[in-house]
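Taking it in order: structure first as structure tokens, then the write-up.
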Amino acid sequence: MVKLTKNELKKQKDSLKRFERYLPTLQLKKQQLQMVIRQVEQQFDAIKRERDQLQRDTKTWIGVFNDGIDLSPYAETEQIRTSVGNIAGIDIPVFEELRFTDTRWDIITLPPWVDRGVQALREMLEYEAQLKILREQLRLLGNELRTTTQRVNLFEKVKIPETRENIRMIQIYLGDQQTAAVVRGKIAKRNLVKAPR
């Protein structure tokens, strides 16, 4: 319950100013997050299409040339290198490169298509690493967007209307008190005038 005093009125007005000053910042952050999420989704879809195209392209010739040779030992990943990016105050991982262990294969005993097969497998693994990082970006950005949206809604739909209503109630009460004081003053003055001398 809000106190019906001048001090409380000042406190409520200060709170309203703070809420109204903070809300546009939150709304801007929300818009920025939505825009970045759309960009990351587009990037994700583009990389996924490239990966799928590479899969289709390699399936045709690997099916023809494959002699049961396992290429995975030649495309062992050593490290996924990432950096940290900052979007709207949120740290997100950014894909830099995928490093492979330096593995050599015997070009004399293995068929010539192995070079292209290893290259295609490494490209496929790089696409998968990029998609993994983008999924993590989307998760982090989605969480932040959810939190920001909740805050925007809290300010827009709860805090600001509640504070305005509190201010209105306090002003009505203080106005009534002032009117009552004036009336009491007039009555007291009239009683003084009527009093015998």
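The values are calculated or read from the model by the stated rules, or taken from the named source; none is laboratory data. A quick note: this is a predicted structure, and the numbers were derived from the prediction, not measured. For neighbour counting, all protein chains shown are included, and Cβ atoms are generated from backbone atoms with ideal geometry for every residue, glycine included.
For the structure I just gave you, tell me whether ALA75 is touching a Phe, Trp or Tyr at 6+ places or on another chain (Cβ under 8 Å), of a type outside the set (Phe, Trp, Tyr) and touching a residue at least 12 places away in the same chain (Cβ under 8 Å).
yes
Does the stretch 138-158 include one or more residues that are farther than 30 Å from SER15 by Cβ, assigned to a helix (DSSP H, G or I), of a type in the set (D, E, K, R) and free of Cβ contacts under 8 Å to residues at least 24 places away in the same chain?
For the stretch 138-158, residues farther than 30 Å from SER15 by Cβ, assigned to a helix (DSSP H, G or I), of a type in the set (D, E, K, R) and free of Cβ contacts under 8 Å to residues at least 24 places away in the same chain: present.
If only one of LEU140, LEU192 is at negative phi and surrounded by 14 or more Cβ atoms within 10 Å (Cβ to Cβ), which one is it?
Answer to the check: LEU140.
Being more than 30 Å from GLN39 (Cα to Cα) and of a type outside the set (A, V, I, L, M), is that true of even one residue in the stretch 124-141?
Within the stretch 124-141, none of the residues are more than 30 Å from GLN39 (Cα to Cα) and of a type outside the set (A, V, I, L, M).
Go over the candidates ALA120, ALA88, ALA75, ALA129 one by one and state the one that is over 30 Å from THR25 (Cβ atoms), surrounded by 11 or more Cβ atoms within 10 Å (Cβ to Cβ), under 36 Å from the mean Cα position of the chain (by Cα) and modelled with pLDDT under 85.
None of the other options fit; the residue is ALA75.
Counting only residues that are in a strand (DSSP E or B) and aliphatic (A, V, I, L, M), which one in the stretch 76-104 is farthest from LEU141 (Cα to Cα)?
So the residue we want is LEU98.
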